[in-house]
1. Can you tell which of M204, M193 is buried (at least 17 other Cβ atoms within 10 Å of the Cβ) and touching a residue at least 24 places away in the same chain (Cβ under 8 Å)?
2. Using the structure shown, decide if A99 is in a helix (DSSP H, G or I), aliphatic (A, V, I, L, M) and either out of contact with any Asp or Glu (no Cβ under 9 Å at 6 or more places or on another chain) or in contact (Cβ under 8 Å) with a residue 24 or more places away in the chain (or both).
3. Restricted to the stretch 340-398, and to residues that are assigned to a loop (DSSP other than H, G, I, E, B), touching a helix residue (DSSP H, G or I) at 6+ places or on another chain (Cβ under 7 Å) and in the same structural domain as N449 (by TED's automatic domain parsing), which residue is modelled with the highest pLDDT?
4. In the stretch 44-68, which residue that is crowded, with 18+ Cβ neighbours inside 10 Å and of a type in the set (A, V, I, L, M) is nearest to the chain's Cα centre (by Cα)?
5. Show the residue pairs meeting these rules: Cβ distance below 9 Å; 6+ apart or different chains; first residue within the stretch 111-139 and among the aromatic types (F, W, Y); second residue part of a helix (DSSP H, G or I).
6. Quick check on A205: is it closer than 24 Å to F263 by Cα, in the same structural domain as K110 (by TED's automatic domain parsing) and part of a loop (DSSP other than H, G, I, E, B)?
7. Are any residues in the stretch 15-68 among the hydroxyl-bearing types (S, T, Y) and at pLDDT 90 or above, and if so, which ones?
8. Within the stretch 142-162, which residues are within 21 Å of E195 (Cα to Cα) and either surrounded by fewer than 18 Cβ atoms within 10 Å (Cβ to Cβ) or in contact with an Asp or Glu (Cβ under 9 Å, 6 or more places away or on another chain) (or both)?
Amino acid sequence: MSVNRLFSSIIRRRMVEIDWVMKRPVESQRAVFSELFHGLQRTKYGQEHGLYKDVRSLGIRDFKAQIPIRTYDEIKPWISRSIEGESDVLWPGSVEWFAKTSGTTSDRSKLLPVTKDSLRTGHYKGGRDLLAMFCEQRPKAKLYSGKHLIIGGSAKLSSNSQGALMGDLSAIIIRNLPSWVEMRRTPSREITMLENWEDKIELMAESVIKEDVRILAGIPSWMLVVSNKVLEITGASSLDEVWPNLQLYMHGGVGFAPYKQEFNRLIKSPDINYMETYNASEGFFAIQDSLERDDMALLLDHGVFYEFLPISEINSKHPRTLDIRELEIGEEYGLVISTNAGLWRYLLGDVIRLTSRDPYRLQVAGRLSSYLNIVGEELMVDQVERAISLAAQKLEVSIKEFTGAPRLASDGHPIGHTWAIEFSKTSKNKICALDQFAEVFDFELKKVNSDYDAKRSSDLVLKMPEIQEIEAGVFEFWLKENNKLGGQHKIPRLSNSRLFIDEILRVIPNR
């Protein structure tokens, strides 16, 4: 049996377990809850909340009553104790790794615990399940005969006096990859571990052009940078000229819709497939289980117990969360998670929309703190991404990056939205007028958001969107100047203040 056939056979066996879990969501989540509860009992966090080792069992309702919902700032003192080397704080044993991610209002960065259990049953198991779901739908695919181009964030891990290692989740994952993944990953670890992103992109592209790459994995914005560098070096017109066996691009981190047209330009092959993942420093939550859909299946046996916070409850003093059985299709919820990394009833900050109950599927609608709502229009990230993608398709242009913020009158009151957009240099229609783009974008926004449509009526509340074209490289320059250059860093999409967009607009004359 060939290596590829053996790999596919092993991977696809997992589908039996995946199907069982999808058909028994409540039982699966109860099993996860039970395992997490027994772990919580052995921690100082659990004991300080009255959950001692002699408590044989605990119902979910009682768990909610005894353990409060926590934000990062509220659970941070406990995480700090783990960072300083104290054991059994949030999860049994000592925690060696802490994933650094974007900060809160009080910190530039968050440090989130990553345990051996969360790596094994979350991140690695999720990656294996994605391949199983793909092979189930494309049984003739030969993924394992070639290499997998994986673009992560910064590879640097710093340590404190207690030996705790801190850095991007991707750096933690790469240093602990199972051997069956490591043997197929490209580029080499030496290149992956480089800190200078400009040098790394050049070396990465030069290194992988001679490989038989069959899988791409990484955030779309940074995958585009590497892909364009590959085309520049090789002189090829598309990636499938360089890698004729390319079959799968696994993406996540940001909405894919604004980038789809550019990837269609980069990859001409009809054999290419796109699969979205919902994988964060806090855990691996969902995978696009069907190549024919645009939503993702909730992962119910990956070390995460889910609660769902109705949007109406977010500012409540005693918010009421829902269990999986209580969810309604089409409704939006904030995610509250308990995990085997030691996050207990942690308010993740993401807003999800339920799209299916059999199996449970969702879409990421945005962030609780990332929306545009100055006059009651309540624009969410996924709505904007859909509208800007449709506008780009209609006008035959490609969008590389964008951000949106309030547009203010001279006296300071909001009169609309300003959008700073970097168009791709490869756009077909390079003579697209900004006012023309604004009209089409405005039309698509009205279609996806009735509140926006109402506020735009006769220009009474909101005026036509203002489009500011950003020259190539400005967003990337801002990331570099703010030490955010790297595969896991993302441009903020929406904000209710002009702080970020004004920074971007100031970058242009100062470059």
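The values are calculated or read from the model by the stated rules, or taken from the named source; none is laboratory data. Here the structure is a predicted model, which means the values were calculated and not measured. All Cβ positions, even for glycine, are placed from backbone atoms using ideal geometry, and neighbour counts span all protein chains on display.
1. Testing whether each residue is buried (at least 17 other Cβ atoms within 10 Å of the Cβ) and touching a residue at least 24 places away in the same chain (Cβ under 8 Å) leaves just M204.
2. So A99 fails the test.
3. Among those that are assigned to a loop (DSSP other than H, G, I, E, B), touching a helix residue (DSSP H, G or I) at 6+ places or on another chain (Cβ under 7 Å) and in the same structural domain as N449 (by TED's automatic domain parsing), it is L395.
4. By that ranking, first place goes to I67.
5. Y124/I173; Y124/V181; F134/I11; F134/L143
6. In short, no.
7. S28, S34, T43, Y45 - these are the residues of the stretch 15-68 that are among the hydroxyl-bearing types (S, T, Y) and at pLDDT 90 or above.
8. Scanning the stretch 142-162 gives L149, G152, G153, S154, A155, K156, L157, S158, S159, N160.
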